[in-house]
1. When you look at B:Asp62, is it over 20 Å from B:His11 (Cβ atoms), in a strand (DSSP E or B) and either of a type in the set (D, E, K, R) or touching a strand residue (DSSP E or B) at 6+ places or on another chain (Cβ under 6 Å) (or both), yes or no?
2. Which of the residues that make up the stretch A:220-260 are more than 8 Å from chain C (Cβ to nearest Cβ), basic (Lys, Arg) and in contact with a Gly (Cβ under 9 Å, 6 or more places away or on another chain)?
3. Would you call A:Phe243 in contact with a Ser or Thr (Cβ under 7 Å, 6 or more places away or on another chain), crowded, with 21+ Cβ neighbours inside 10 Å and either over 22 Å from A:Trp74 (Cα atoms) or in contact (Cβ under 8 Å) with a residue 60 or more places away in the chain (or both)?
4. Which of the residues that make up the stretch B:68-88 are within 13 Å of chain A (Cβ to nearest Cβ) and either out of contact with any Gly (no Cβ under 8 Å at 6 or more places or on another chain) or not in a helix (DSSP H, G or I) (or both)?
5. Here is a list of conditions, (1) free of Cβ contacts under 8 Å to residues at least 40 places away in the same chain; (2) hydrophobic (A, V, I, L, M, F, W, C); (3) farther than 21 Å from C:Gly42 by Cα; (4) not in a loop (DSSP other than H, G, I, E, B), and C:Leu227 meets all of them except one; can you say which number that is?
6. Return the total of residues in the stretch A:261-292 being under 17 Å from the mean Cα position of the chain (by Cα) and more than 10 Å from every other protein chain (Cβ to nearest Cβ).
7. Has the stretch C:163-172 got at least one residue that is crowded, with 18+ Cβ neighbours inside 10 Å, in a helix (DSSP H, G or I) and modelled with pLDDT under 80?
8. Regarding the stretch B:122-139, can at least one residue be identified that is over 22 Å from B:Asp202 (Cβ atoms), within 12 Å of chain A (Cβ to nearest Cβ) and modelled with pLDDT under 95?
Amino acid sequence: MTSRLVSAFIAHLLTRGAALVAAVVVLLVLLRAAPGDAVDLITTDPTLRARLAASWHLDAPLPIAVGQALSGSWGTSWTVRPGRPVADLLTEAARTSIPLLLGAFLVTLVPGSLLGSRRRRTIRPWPRASVVPVFLLGWGLIIGLNELTFAAIQAGHIARPAWFSLPDTPSAVRYTLAVAVLAVGSGNLHAFSDGVATRLAEHRQSAAIQALTARGMPTRFVLWRLLIPDLALLTAERAAFLFGGLVVLERVFAMPGLGGLFFEACVQRDQPVVLASGVVAAAGVVGARLLADSVRLATDPRLRDAP
Amino acid sequence: MTHRLTLHNLHIQAGTRTLVQGVDLTVASGELVALIGASGAGKSLTGRALVGMVPFEPGVVDGTVTWTRPDAPDITVSPGPHRTRALAQLRGKGVAWIPQDARAALVPVDTVHRQVRAALRHAGRPHTPAHCAAELSAVGFADPTTVLRQYPHTLSGGMARRVQVALALALGAAFLMADEPTTGLDRPVQARLLQTLAAIRDRGTGILLITHDLHLVRRHTDRLIVLDQGKVVASGPPSVLDHHPHPAVARLRGEP
Amino acid sequence: MTGARWSVAVLVAVLLARVWSAIGGYDVVADVDPSRMGLPPGTAHWLGTDALGRDTLSRLIRATDAFVLPGIGAASLAVLLGGLAGTLAGWLGGLPERAIAATAGLPATAPRFVLVLLLATIFEPSAAVLAIGCGLAFVPQASAEVRARVAALRRRSFVQASLLHGLSVPQVLGRHILWTGCRHILARLALQAAGFFVVVETSLAYLGDLGVQEPLPSWGNMVASGLVDSRLHLVARLAPAVSLWLVLAAIAQLDAHLARSEAEGP
């Protein structure tokens, strides 16, 4: 039985891995096919151009470039932090982004599942409220907080606090707000609670749960265990939305993470950083899917035997 | 230790349509009673009503289920304020329902072992692996340890049904209610399953067998109740059907 | 259903605003008048004026230029490309199905916003490129949904019967499969792709650099300029945010309505 599990996992690994490689290939092809020469943005001096082109491996054959992209040899940044190795920049930025992503994931998983498991869906305006994009939520939060604090200061209730405007807010508060904005603005909180509610209703109607009820046996733990593969699937589907929201979030909250780095690199056309960020983003999505596949394989025995 | 399960004047309605009307039946310990009728006669619904699983409104509008126990007060389930509590006491301990689609009714993510153990634990009985294996042996599995390790989706139809019987017995219920247990099984498998049920009956559990296959059950049943369009049209020992004039009974016998 | 009617009204209003913007002759540069800055809502300026004295309502209407036509473009791309891929894959089956599904699923390996930004960086951050990016981002989902429905309906007896009766494959596909089975999901995906484009366009405009630049208005850059500028009246600061939320909410409401009506069946 364990060997069936392992072979099923390897099959998923290969499929997902192939998708990642294909995505990187397409990205590189597009980069090379783009109009104009990337180096022209930096300089037009012929000797300097030749030296830069050589040092940045711009003319390496495609397979080698794909291998480099996937293995993390991304060269050095051109304009965002000139001369610094891209891998270092990404690692530094990850220290800010990973807690944000994990926090947002936990906020969607736990409160989202609890909200979805309530029997009576009394939050009816929910779909309309949940469509606020990340930047608008962040904007609303900043304005709201600032206006309220300003009004309180004007009324004499409080003295002007040290952290008056949001970008200067101390870390813990800012992180919490950022996590909340990301979880809601990316649509994940709504998607999770909706998904959990739907799947839970289906499971409650299933023959197995009906049989347990008819025998007077408890169903709550069985229901949650039936839900785990569904939660894994939901997580994988929504991971991409989370990463996308991160880009806007980090700019709005002025946080030095992967999203902000990527955006900066896009604005300044810093090709190595853009490429590396693209690869990391795709790897993140594929990795989340693979992780979800693993959880589902481990918890739903029916998946191990299917073709 | 004789238990008695009595259903009196069951009335089931779906909206304004009456599906079951005035049905009475009794099962005692050590009896195998068959509830027979054509498809749509209302027999599955009657079985569901016994454990309070009628899925539509208004459902059971009248009718009392009484479980008479030798050394404890009676449990009575009737429409009214105390219905939920009485049902909770009846389900699993008084009547264990064995559903029609046996494999689908098993928890797909748990092994047979885990499910048997859960049933034993719910009944407050010892639930070591040896005890779980013993439960499976009691329903006729020759190799219980292999079956314990299986997941429901790898079981055959007949095996799944036996596991369901084992789960019902593990709960220690006084009565088993099997809903169409022989559908989808080959003839020899059907016969063996019925022998197992008869053996369980001999050990003292009361069994209500819901089926449309008259000939199959003739050998082992003590009494039959024939349902047609939601009403009882005949009841008694198997011989009562042989020359019964009612057209529904004739159809069951195989006559046009 | 009042929910759907309200949403349709909002979207029609947006389309009308786009038409008005094309024919109304509002001049973004000429409207600057510092003597009128920060006015509250009144008869001349229904939603007040901004920090440069420009009429908020006119700018709101002009901002629809940034997302209406490109949004429709993104929606069309998603539906046409995804629908085509899904139909071919679902109808042909076997190896072509797997190959098409794998190719159509490629854009899904990147987060949608990252994909759009990548394309904007590689080529240029113009409305056309953004629209193509948003459309491509929805091709995997469109293709998968259409493929599932086409494959399921292909085996149904009424389809087989129609083919035997002499109807050609395109006729069967068009009438029985795509119209009957897929029109809800395609409409929903078109709405979602358009909605996504609106979010992308306004987000980029808010963040600056890659989005719509001054003096051209976008609801995104109008929201941004209202951030800390307390010289503006509250209505002028909130108007672009509320408009944006209304449009997105209308799209979400229509999407939910279509999902419900597909589930309930004919």
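The values are calculated or read from the model by the stated rules, or taken from the named source; none is laboratory data. None of the values given here were measured: they were computed from a predicted structure. Positions of Cβ are generated from backbone atoms using ideal geometry, with glycine treated the same way; all protein chains shown enter the neighbour counts.
1. The answer is no for B:Asp62.
2. Passing the criteria: only A:Arg238.
3. On the way: in contact with a Ser or Thr (Cβ under 7 Å, 6 or more places away or on another chain): no; crowded, with 21+ Cβ neighbours inside 10 Å: yes; either over 22 Å from A:Trp74 (Cα atoms) or in contact (Cβ under 8 Å) with a residue 60 or more places away in the chain (or both): yes.
So A:Phe243 fails the test.
4. B:Ile75, B:Val77, B:Thr84, B:Arg85, B:Ala86
5. Exception for C:Leu227: condition (4).
6. Here the count works out to 7.
7. Looking for residues that are crowded, with 18+ Cβ neighbours inside 10 Å, in a helix (DSSP H, G or I) and modelled with pLDDT under 80, one finds at least one in the stretch C:163-172, hence yes.
8. yes
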